[in-house]
1. Residues of segment 207-223 being near the ligand (Cβ under 10 Å from one of its atoms), in a helix (DSSP H, G or I) and in contact with a helix residue (DSSP H, G or I) (Cβ under 7 Å, 6 or more places away or on another chain), which ones?
2. Of all the residues that make up segment 46-95, how many are within 21 Å of residue 173 (Cβ to Cβ), more than 13 Å from the chain's Cα centre (by Cα) and part of a strand (DSSP E or B)?
3. Could you list, in sequence order, all residues of segment 47-104 that are under 18 Å from residue 193 (Cα atoms), within 13 Å of the ligand (Cβ to nearest atom) and surrounded by fewer than 18 Cβ atoms within 10 Å (Cβ to Cβ)?
4. Can you report the number of residues in segment 154-173 which are within 14 Å of the ligand (Cβ to nearest atom) and part of a helix (DSSP H, G or I)?
5. Scan segment 96-153 for residues that are assigned to a helix (DSSP H, G or I), in contact with a strand residue (DSSP E or B) (Cβ under 7 Å, 6 or more places away or on another chain) and at pLDDT 95 or above and jot them down.
6. Scan 226, 204 and give me the residue that is assigned to a strand (DSSP E or B), touching a residue at least 40 places away in the same chain (Cβ under 8 Å), closer than 21 Å to residue 52 by Cβ and within 16 Å of the ligand (Cβ to nearest atom).
7. Condition first: surrounded by fewer than 20 Cβ atoms within 10 Å (Cβ to Cβ), over 14 Å from residue 96 (Cβ atoms) and out of contact with any helix residue (DSSP H, G or I) (no Cβ under 6 Å at 6 or more places or on another chain). Now tell me which residues in segment 174-205 satisfy that.
8. Kindly evaluate residue 186 against the criterion of being within 14 Å of the ligand (Cβ to nearest atom) and farther than 25 Å from residue 236 by Cα.
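The values are calculated or read from the model by the stated rules, or taken from the named source; none is laboratory data. Not measured: the values here are computed from a predicted model. Cβ sites come from the backbone with ideal geometry, for glycine too, and all protein chains shown count toward neighbours.
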Ligand code: SAH
C-alpha cells in the first residue's frame, strides 16, 4: 500500500525552499509559531515544506512542529553550507550530523556530546544519525548529475564559520565535510521523535576568510542546486 504520510522538507532561507514551494501541486499553507508550512504534491509525492530561519533553535522548533502537525515519514533538510575540504558547488549528504558548538568539556564531557532524555534516563550521543537509505538515494542522484558529491559528517552550530583555523579544526575533530547551522538540530528533533531524516547541502562558500564574499555571491545558485536535486530524487525517497 502506498504511504500517504508526507515527506517533510525544511530549508533555513527562502532561497533554499522557494523553488520547491513554487512546484507544489494543490498547494495550501498553514502557520504555527510564525512559521508557514506548505502542503501539496511534489512530482506526485505528498510533501510539507517550511522555511525555518537560520540556526539550531529555529530549525528544531520547525522540525518539532512539523512532526506533531503533519507526521512526516521522513524529514529532509536542504540548503547551503560552508565546505570543509570540499569545493564551492559540491554537494554533501550527511552520513550523520554533529553539533560542534555543544561544549561541556570543562566538566569532563567529550566535545559535541548531547544529553538526550529518554524516558527518565539520559542518553549521551554525539553523532546524530541520518537515514542510510534516503542518504544513499540523494548521493546516487547527486553523482549522476554533478561531479563533486560527498557523503560525510555535517557539523552544525550557531555560528557562521569564516575562519580557516576553525575549518581545519572541524575536519580534525569531527571529520566534517560541511559546516552549517541547522542540520544537527533537525537531526536531533528527528532522533528524539523516531523520525528518519536526511541532510543535503550544496557548498556556497569555503568556511574561510573568503566566505563573507563567496556566500552572498554563490548562496542563491547553490541553494537552488540542492533544491533541484531534491526535486529529482523525491519519487525515489
Ligand atoms: N542573514 C542570513 C543569515 C544566513 S546564515 C539570512 O538571511 O537568513 C547562513 C546560512 O547558510 C545558514 O542557514 C547556514 O546553515 C548556511 N551556511 C552557509 N555557509 C555557512 C558557513 N560557512 N558557516 C555556517 N553556516 C553556513
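1. Residues satisfying the conditions are 219, 223.
2. The qualifying residues number 1.
3. Residue satisfying the conditions is 57 alone.
4. Final tally of qualifying residues: 8.
5. 134, 135, 138, 139
6. Sole residue among the options that is assigned to a strand (DSSP E or B), touching a residue at least 40 places away in the same chain (Cβ under 8 Å), closer than 21 Å to residue 52 by Cβ and within 16 Å of the ligand (Cβ to nearest atom): 204.
7. 192, 194
8. no
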